[in-house]
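The values are calculated or read from the model by the stated rules, or taken from the named source; none is laboratory data. Owing to the predicted nature of the structure, the values given are computational and were not obtained by experimental measurement. Cβ placement follows ideal geometry from the backbone for every residue including glycine, while neighbour counts extend to all protein chains displayed. Only protein heavy atoms, including side chains, enter the accessible area calculation; ligands, DNA and RNA are left aside. Shrake-Rupley method; radii C 1.70, N 1.55, O 1.52, S 1.80 Å.
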Amino acid sequence: MLEDALGAVSAAADLQELQEVRVRYLGKKGLLTQQLKGLGALPPDERREAGRVINEHKAAVEEAIRERRAALERAALDEQLAREAVDVTLPGTQLPQGGLHLLTMVTHRLLDVFTALGYEVAVGPELETDHYNFESLNFPAEHPARDEQDTFWTTDGRLLRTHTSPMQVRYMETHRPPFKVVVPGKVFRNEAVDATHEAQFHQLEALVVGERITMADLKGAIDEMASALFGAGTRTRLQPTFFPFVEPGAEFAIYWTHPRTGRQEWLELGGCGMVHPNVFEAVGYEGVTGFAFGFGIERLALVPYGIPDIRSFYQGDLRVLRQFRGAL
Ligand code: PHE
């Protein structure tokens, strides 16, 4: 019986089988247990010796079961460790990495330039009222810029701002001079879309108001921006033109070397001028002067990189966008 028991123990393939073997020999009705129970039936002189032998066998089977259990548990653990092992030398999963849009990079660059000069940054609503977009900016009622050709009107009589200049008025209403502020933002024009015109584009507006702000300060600010963007000593020019909310008004250009053709040329950027007295009156400012300028950000991004079609800024074509990853 001992040989059978030991053979069954070492043949047990798992803990479940081992438990069955234990019950068969050592359980309440186990074969060895029954032998012990049968001792009483033996003649007294045989009992001692038989008891010793049975107990020895019982101890041997118990010991064999303990060893077998330990071995099976170790094997199970080894198997689990092998199954759950992680190969730390495998290459990781590469997550696709996004990047900033070229227009965002150009905008950040401009904001860096102006915040370094002490300007605040403010933003305003894209959905505007006639009051802020036109009226308070001294647009005469019959001004062509109010023409529905140019402006997207909403059914409730509001509009998508056609420039960032309405923020001049909004900012002045909530701040006291002196101050310097720049306003980046999206603007909308209801015009035929082609390679150089989009129904939406971005502008940067600057407004400086104080006690003795002059046209020379305006020229100085534009010079500073030009030098910061295109190198020290970059020339700029102002040519007289009309905007209702400035007087005198001008358009401004930067003389630069075209990075692709290598030719020197004037890059027409935007409009500028001294804040019109009627605008100051509308916000209740007295005894101050100020200048403002505004320009399209797309132009600053299109021309340097030779992008032929403004629409490629908005189509989300990754082949286009990837070319400018980390460009600035
Ligand atoms: N808002 C004008 C435009 O969109 C530009 C401008 C800004 C002109 C500030 C003068 C002063 O064309």
Count of residues meeting criterion [in a loop (DSSP other than H, G, I, E, B), farther than 25 Å from I307 by Cα and within 11 Å of the ligand (Cβ to nearest atom)] in the range 173-219: 0
Within the set of pairs 6 or more residues apart or between chains, which connect a residue that is in the same structural domain as E126 (by TED's automatic domain parsing) inside the range 155-166 to a residue that is in a strand (DSSP E or B) and open to solvent by 50 Å² or more (accessible area, probe 1.4 Å) with Cβ atoms less than 6 Å apart? R158/L127; L159/W153
Suppose the filter is closer than 27 Å to A192 by Cβ, assigned to a loop (DSSP other than H, G, I, E, B), free of Cβ contacts under 8 Å to residues at least 24 places away in the same chain and more than 14 Å from the ligand (Cβ to nearest atom); does G316 pass it? yes
Show the residue pairs meeting these rules: Cβ distance below 6 Å; 6+ apart or different chains; first residue within the range 111-137 and under 20 Å from P178 (Cα atoms) and outside any loop (DSSP other than H, G, I, E, B); second residue open to solvent by 40 Å² or more (accessible area, probe 1.4 Å) and of a type in the set (V, I, T). L111/V121
Return yes when E286 is open to solvent by 40 Å² or more (accessible area, probe 1.4 Å), closer than 30 Å to F139 by Cα and in contact with a helix residue (DSSP H, G or I) (Cβ under 8 Å, 6 or more places away or on another chain) and no when it is not. yes
Name the residue that is surrounded by the most Cβ atoms within 10 Å (Cβ to Cβ), counting only residues in the range 255-278 that are within 15 Å of the ligand (Cβ to nearest atom) and without any contact (Cβ under 8 Å) to a residue 40 or more places away in the chain. L269
Quick one: R299 ticks every box in (1) within 15 Å of the ligand (Cβ to nearest atom); (2) at pLDDT 90 or above; (3) closer than 17 Å to E205 by Cβ bar one, so which box is it? (2)
Residue check: is F252 open to solvent by 60 Å² or more (accessible area, probe 1.4 Å), aromatic (F, W, Y) and at pLDDT 90 or above? no
Kindly indicate which of L160, L102 is within 22 Å of the chain's Cα centre (by Cα) and crowded, with 19+ Cβ neighbours inside 10 Å. L102
Can you pull out every residue in the range 141-157 that is at pLDDT 95 or above and either crowded, with 19+ Cβ neighbours inside 10 Å or among the hydroxyl-bearing types (S, T, Y) (or both)? T154, T155
